[in-house]
Amino acid sequence: MTQLSYLDGNMLDGPLRELFAVDLSAATGRCDSCGMTGPMACLHVYSHAPGLVARCPACTAVMLRLVRSPDRAWLDLRGATFLQVPMPLDQPHPRPL
Amino acid sequence: MSAAPLGWRVARLVERRVETPTAQTLVLEVPGWPGHLPGQHVDVRLTAEDGYQAARSYSLAAPGTDGRIELTVQRVPDGEVSPYLIDAWAQGDPVEVRGPVGGWFIWRTEETSPVLLVAGGSGIVPLMAMVRARRVAGSRVPFRLVYSARTPTDVFYADELRRRVRDDLGLDVAYVYTREAPEGWRGEPHRVGLADLNTHGWPPDLEPHCYVCGPTGFVETVADLLVGLGHEARRVRTERFGPTG
């Protein structure tokens, strides 16, 4: 194989659930580089690194990086314009500020 | 599902079942397990005496009951985690688990669209969780499973799948063998192709949900074929697994 093998964005759920209250694979993300919008589950995740690197499936730009050390986590989301997270309707939500 | 960051819980082995010469189903007792959806996975973490840690993700193989979960683990030669789980883990020994996780590759029992499941090798595990959940929920959603295995002895859950097909109305299972087919099987060993998905899948105009799980190359190929057949990409959900173990 000439290309490094990757996993899909589903595998980010475990590591990211240390930081977030919801599974982010069902969230929609927009790539800051090419503008493609789609489920975070479809990102290509490369784990042969000191951290996790998730790339846009369309243009391969890095959308998310996560590095975990024993006492802290670094999350770099500068490659993602936004994350849209589905919320349950029965959950009370605050009024706009 | 709990809406809080997930921590690690201590799990203990209560039972193991041999599925194939290289794979076993492990039944774990996890106090406080919150339940899970079919298709979700769990991270398993081992800690060595010197503090070195290794974690891997495993799909949950069955609906959870009473704080018990089932994983089916394929032994990866030279892997860091799977050989321990299969060869060395003794009943009562603790490991750590974190889960359930996964918000995308899941099937909800209240969904009504027909379902196509395509499994490559141990990619059957989360799809079997869906087949079992369908049974438990008494769902009548039509399911079709296309299961690619190297040889008949590599098929996980072989007896149960035979039973399910006999007893569960609306469940069909088709096998594809890549290296060696059973006697009397029509056709030659081959990799899943367009003809298999066309014959044993659903027509795209029924708008089925497709779940594809297996090694990266298998998932790529099958997902491309399904989209080529006319299935909308957003209805083709995939889960790839890499070579680590």
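Of note:
- Test: residue in region B:160-172 that is part of a strand (DSSP E or B) and either modelled with pLDDT under 95 or among the aliphatic types (A, V, I, L, M) (or both): yes
- Condition check for B:Val212: within 14 Å of chain A (Cβ to nearest Cβ) and within 26 Å of B:Arg17 (Cβ to Cβ): yes
- Number of the condition not met by B:Asp205 [criteria: (1) within 14 Å of chain A (Cβ to nearest Cβ); (2) open to solvent by 20 Å² or more (accessible area, probe 1.4 Å)]: (1)
Here's the yes/no breakdown for (1) facing chain A (nearest Cβ under 10 Å); (2) open to solvent by 30 Å² or more (accessible area, probe 1.4 Å):
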site: B:Leu6; (1), (2): yes, no
site: B:Val10; (1), (2): no, yes
site: B:Arg17; (1), (2): no, yes
site: B:Leu28; (1), (2): no, no
site: B:Pro34; (1), (2): no, yes
site: B:Thr47; (1), (2): no, yes
site: B:Glu70; (1), (2): no, yes
site: B:Val73; (1), (2): no, no
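- Scanning region A:1-34 for residues that are open to solvent by less than 20 Å² (accessible area, probe 1.4 Å) and either farther than 19 Å from B:Pro38 by Cα or in a strand (DSSP E or B) (or both), we see that the one that is farthest from the other protein chains (Cβ to nearest Cβ) is A:Cys31.
- Top-ranked residue of region A:40-86 - restricted to ones that are closer than 22 Å to B:Trp8 by Cα and open to solvent by less than 80 Å² (accessible area, probe 1.4 Å), ranked as farthest from the chain's Cα centre (by Cα): A:Ser69
- Qualifying residue in region B:148-159 (condition: within 22 Å of B:Leu229 (Cα to Cα), modelled with pLDDT of 95 or more and surrounded by 18 or more Cβ atoms within 10 Å (Cβ to Cβ)): yes
- The set of residues in region B:49-61 being buried (at least 22 other Cβ atoms within 10 Å of the Cβ) and aliphatic (A, V, I, L, M) consists of B:Leu60, B:Ala61.
The values are calculated or read from the model by the stated rules, or taken from the named source; none is laboratory data. Treat the numbers as computed from the prediction; the structure is a model and nothing was measured. FYI the Cβ positions are ideal-geometry reconstructions off the backbone, even for glycines, and counts take in every protein chain you see. We work out accessible area using only protein heavy atoms, side chains counted, and drop any ligands, DNA or RNA first. Shrake-Rupley method; radii C 1.70, N 1.55, O 1.52, S 1.80 Å.
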